[in-house]
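Since the structure comes first, as structure tokens, the remarks are kept for the end.
The values are calculated or read from the model by the stated rules, or taken from the named source; none is laboratory data. Only a predicted model underlies this, so the values are computations on that prediction, with no experimental measurement involved. In this analysis, Cβ positions are derived from the backbone assuming ideal geometry, glycine residues included, and neighbour counts consider all displayed protein chains.
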Amino acid sequence: MKKFFETLSNIWKIEELKGRILITLGLLLVYRFGAQVVLPGIDTQQLAELSSRTDGGGLLGVLNAFTGGAFANASFFALGIMPYISASIVVQLMGLAIPYLQKLQKEGESGRKTLNQITRWLTIGICLVQAPAYLYSLGSLGVPDSAFILGKGLDFMIPAVLILVTGTIFAMWLGEKITDKGIGNGISLLIMVGIIATMPQSFVQEFVSRTSGSNGGLMLILIELILWFVVILACIMLVMATRQIPVQYARRTASGGYEKNVFGSRQYIPLKLNASGVMPIIFAQAIMFAPAYIGRIGALKDTGVGQWLQTEFSNIFGLWYNIVFALLIIIFTYFYTAITVPTNKMADDLKRSGGFIPGIRPGKETSDYLDKIMSLITFPGSLFLALIAVLPAIVVKLMGVQQGWALFYGGTSLLILVGVAIDTMQQVNSYLLNRHYDGLMKTGKNRKVVA
């Protein structure tokens, strides 16, 4: 423990790192403050029903967790950063089919700036659709008409929509500033802070539920916490696990007036077990809105099939919901890995740099070999990802965990928390190592450098 505090002390000795951390904390504080500011024209005293519906877990609980409670508060940041995430996914997928976007992806920094600008404009378009939908849906979510002080006319809707759109754009700007001037990935940190903000309340609800009456008591709370830490360790293993492919580089040296090839140092290509991250879960969760919606429209609405679809696919802790959810995650894991891990480009880059995989010919054979390895390791990775995603439903059914607290046992929330924490720690680690200190996972003392 002493060495850990020495490491924290070393962090504050690096002025650049200290400044970046302070900037990051300050901008995150601004975001959390904005999540508490309610839209003008809405009576905050009449939002209790909306808060109670989001506290119980379920789909609304997931939306509220991703916005850090802003969804239930009807605040400036009620839409959160998710419209920007949606726009980024759309642009990324469109890059597979639109030659112009493919060209931009290959143009380096200038192309990246243009893609970012396209993503921003698409974010505004998505917000202009989601903002009115959110405001009109408040009534069906338990907010009475009397809560709208100015009514739901244009004199309220137009300013409210503009504020919600501006709130998302401002959150996007905060995320970009954290990435440029702070530490870690700004957008991911905003999502992580939003998720963490709902954690204490969810745990308190679970604690009260267990300790009131004969419902397990403190012993079951302890078991739940141990299981939670085990799941976190499993998520860390999933995020960090790699298959190392050995690579040999040829080195040319001059000897006796002529040149000959000799073997250089051996390196490795790290292929991640879960190269797609949380994207398959996000894709699958978006698709899972469809069955319940289909069950509410047309001739299906009053039939047995329509009612079954509405019942089974509106409950994110139900059996059929999670079976279909897990299958979609496995499918999307393969799909997203295929479009984000360019084995052809990896093989070409390896060939140009004079490297080769021992026993494999450079070029197409190398590409086919890497593609085969990715297919083999993606299968267990997709199964593990699907298990983590449906784990909240499992603990609800088997252990009776409160739905709000169960969301932190897996799924997108926990994977985002683990992934962002690891990424941020790695960036802090690089600053410490560059200044000749040991990293966060090492001792905190100065390292001696041998000249």
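Select from the range 181-214 the residues that are in contact (Cβ under 8 Å) with a residue 60 or more places away in the chain and over 19 Å from Leu28 (Cβ atoms) and list them in ascending order.
Initial filter on the range 181-214 (in contact (Cβ under 8 Å) with a residue 60 or more places away in the chain): 181-199, 201-203, 205-206, 209.
Of everything in the range 181-214, those that are in contact (Cβ under 8 Å) with a residue 60 or more places away in the chain and over 19 Å from Leu28 (Cβ atoms) turn out to be Ser202, Phe203, Gln205, Glu206, Ser209.
Does the range 339-356 hold any residues that are within 30 Å of Ile281 (Cα to Cα) and without any contact (Cβ under 8 Å) to a residue 24 or more places away in the chain, and which are they?
Passing the criteria: Pro342, Asn344, Lys345, Ala347.
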query = Does the range 168-180 contain any residue that is of a type in the set (Ser, Thr, Tyr), under 18 Å from Val129 (Cα atoms) and touching a residue at least 60 places away in the same chain (Cβ under 8 Å)?
reply = yes
ask   = Any residue in the range 299-320 that is within 15 Å of Ala386 (Cα to Cα), in a helix (DSSP H, G or I) and at pLDDT 80 or above?
value = yes
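Pick out the one residue from Ala35, Ala65, Ala87, Ala70 that is under 24 Å from Tyr293 (Cα atoms) and either in contact with a Phe, Trp or Tyr (Cβ under 8 Å, 6 or more places away or on another chain) or at pLDDT 80 or above (or both).
Values: Ala35 fails: under 24 Å from Tyr293 (Cα atoms); Ala65 fails: either in contact with a Phe, Trp or Tyr (Cβ under 8 Å, 6 or more places away or on another chain) or at pLDDT 80 or above (or both); Ala70 fails: under 24 Å from Tyr293 (Cα atoms).
Selected residue: Ala87, the only one of Ala35, Ala65, Ala87, Ala70 that is under 24 Å from Tyr293 (Cα atoms) and either in contact with a Phe, Trp or Tyr (Cβ under 8 Å, 6 or more places away or on another chain) or at pLDDT 80 or above (or both).
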task = Quick one: Phe283 ticks every box in (1) free of Cβ contacts under 8 Å to residues at least 24 places away in the same chain; (2) under 17 Å from the mean Cα position of the chain (by Cα) except a single one, so which number is it?
result = (1)
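Each row is one residue, and each column tells you yes or no for (1) among the aliphatic types (A, V, I, L, M); (2) in contact with a helix residue (DSSP H, G or I) (Cβ under 8 Å, 6 or more places away or on another chain); (3) assigned by TED's automatic domain parsing to the domain that holds Thr378.
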| site | (1), (2), (3) |
| --- | --- |
| Trp308 | no, yes, yes |
| Trp320 | no, yes, yes |
| Leu328 | yes, yes, yes |
| Thr337 | no, yes, yes |
| Val341 | yes, yes, yes |
| Lys345 | no, no, yes |
| Gly359 | no, no, yes |
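Take Ala171 and tell me if it is within 21 Å of Arg20 (Cβ to Cβ), modelled with pLDDT of 85 or more and either in a helix (DSSP H, G or I) or in contact with a His (Cβ under 6 Å, 6 or more places away or on another chain) (or both).
Numbers: within 21 Å of Arg20 (Cβ to Cβ): yes; modelled with pLDDT of 85 or more: yes; either in a helix (DSSP H, G or I) or in contact with a His (Cβ under 6 Å, 6 or more places away or on another chain) (or both): yes.
Yes, satisfied.
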task = Spot the failing condition for Glu365; the list is (1) in a helix (DSSP H, G or I); (2) at pLDDT 85 or above; (3) surrounded by 19 or more Cβ atoms within 10 Å (Cβ to Cβ), and only one is missed.
result = (3)
task = Count, please, the residues in the range 12-43 that happen to be within 17 Å of Ala70 (Cβ to Cβ), free of Cβ contacts under 8 Å to residues at least 12 places away in the same chain and within 21 Å of the chain's Cα centre (by Cα).
result = 1
